[in-house]
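This report refers to the structure that appears directly beneath it.
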Amino acid sequence: MNKKYVFAVLMLIAVFIVAGCGSSIGGNIIKDEGSLVKIMDEFKNLDGLKGKEILVFQDVNMYTGETGNRVVINILKPGTDDEVDNYEYRGGWSKARPVQLSGSGKAIDNCIPLEQLDFAKIPQVYKSMEAQIKDIEGAKIDDYMSFRFWQGKWDISASAKSPRAKYFADFDLDGNLKKFKKN
């Protein structure tokens with residue numbers, strides 16, 4: 001068989017494999033601009049959510065790194081004021097899973113409309129964290145960030161660590177640094 005022919009066939013197979021990987025987002029969803037926006041646009045269009053107001057309950061956790069890209073979100077089940085469903089993104093969105101709640105408060109009191117969380121801000125927060133830790137020897141940003149409801153307010157939480165210490169930062173929903181501290 002002709003070597004050029006074999007090479008061409010192998011190249012075509014490689015192209016089909018790469019193209020056939022689906023809509024899974026590669027890279028680093030915390031750092032790469034547009035990745036989280038695309039993932040959350042997919043979420044808003046899931047059956048049962050499309051066209052409805054989506055209220056986020058307590059937090060949205062975003063992971064990257066060795067375990068792959070992942071988003072975990074709890075939302076108030078549309079049409080209810082005290083039932084929460086969990087969804088997880090790992091190359092695609094899971095079906096809704098009920099969340100068992102505890103405590104005496106109402107779930108709706110710990111919610112924010114999804115449209116108020118700007119996922120395009122996460123890469124900006126990442127860059128801000130890079131600036132905060134640039135002079136700390138061996139410091140590295142953790143593979144995790146979150147939008148969270150904490151002490152009655154919503155913010156963005158990020159962290160980093162070096163061989164000698166851990167660092168935590170809180171940002172407002174516009175991506176502005178509120179607090180950076182060594183733990």
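The values are calculated or read from the model by the stated rules, or taken from the named source; none is laboratory data. No experiment lies behind these values; they were computed from the predicted model shown. For neighbour counting, all protein chains shown are included, and Cβ atoms are generated from backbone atoms with ideal geometry for every residue, glycine included. Note: accessible area is taken over every heavy atom of the protein model, side chains too, but ligands, DNA and RNA are not part of it. Shrake-Rupley method; radii C 1.70, N 1.55, O 1.52, S 1.80 Å.
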Inset, instruction - Would you please list the contacts, defined by Cβ atoms under 6 Å and residues six or more apart or on different chains, that run from a residue in segment 86-112 that is part of a loop (DSSP other than H, G, I, E, B) to a residue that is of a type outside the set (A, V, I, L, M) and open to solvent by 30 Å² or more (accessible area, probe 1.4 Å)? - result: Arg90/Arg70; Gly91/Ser24; Ser94/Glu88; Lys106/Asp82
Legend entry - Test: Glu33 is within 29 Å of the chain's Cα centre (by Cα), modelled with pLDDT of 50 or more, open to solvent by 60 Å² or more (accessible area, probe 1.4 Å) and within 22 Å of Ser128 (Cβ to Cβ): yes
Legend entry - Test: residue in segment 128-148 that is buried (at least 17 other Cβ atoms within 10 Å of the Cβ) and part of a loop (DSSP other than H, G, I, E, B): yes
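Filter segment 154-170 down to the residues that are charged (D, E, K, R) and over 16 Å from Asn61 (Cα atoms), then identify the one that is most open to solvent (accessible area, probe 1.4 Å).
Ranking the candidates gives Arg164 first.
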Legend entry - Lone unmet requirement of (1) modelled with pLDDT of 95 or more; (2) under 23 Å from Lys121 (Cα atoms) for Ser94: (2)
Inset, instruction - Show the residue pairs that are 6+ apart or on different chains and have beta-carbon atoms under 8 Å apart, the first residue being within segment 36-48 and at pLDDT below 95, the second being surrounded by 14 or more Cβ atoms within 10 Å (Cβ to Cβ). - result: Gly48/Pro78; Gly48/Ala96
Legend entry - Candidate set: segment 87-100, residues that are farther than 17 Å from Lys52 by Cβ and within 17 Å of the chain's Cα centre (by Cα); chosen: the one least open to solvent (accessible area, probe 1.4 Å): Tyr89
Inset, instruction - Among the numbered conditions (1) touching a Phe, Trp or Tyr at 6+ places or on another chain (Cβ under 7 Å); (2) at pLDDT below 95, tell me where Ser24 comes up short. - result: (1)
Legend entry - Single residue of segment 101-121 satisfying the filter (touching a strand residue (DSSP E or B) at 6+ places or on another chain (Cβ under 9 Å) and closer than 15 Å to Thr80 by Cα) that is surrounded by the fewest Cβ atoms within 10 Å (Cβ to Cβ): Pro113
Inset, instruction - State which residue is nearest to Ser35 (Cα to Cα) when the search covers only segment 51-81 and only residues that are polar (S, T, N, Q) and surrounded by fewer than 16 Cβ atoms within 10 Å (Cβ to Cβ). - result: Thr67
Inset, instruction - Please go through segment 157-183 and pick out each residue that is among the polar types (S, T, N, Q) and within 19 Å of the chain's Cα centre (by Cα). - result: Ser157, Ser159, Asn176
Legend entry - Pairs, first free of Cβ contacts under 8 Å to residues at least 24 places away in the same chain in segment 53-80, second charged (D, E, K, R), C-beta under 6 Å, six or more apart: Arg70/Arg90; Val72/Glu88; Lys77/Glu83; Lys77/Asp85
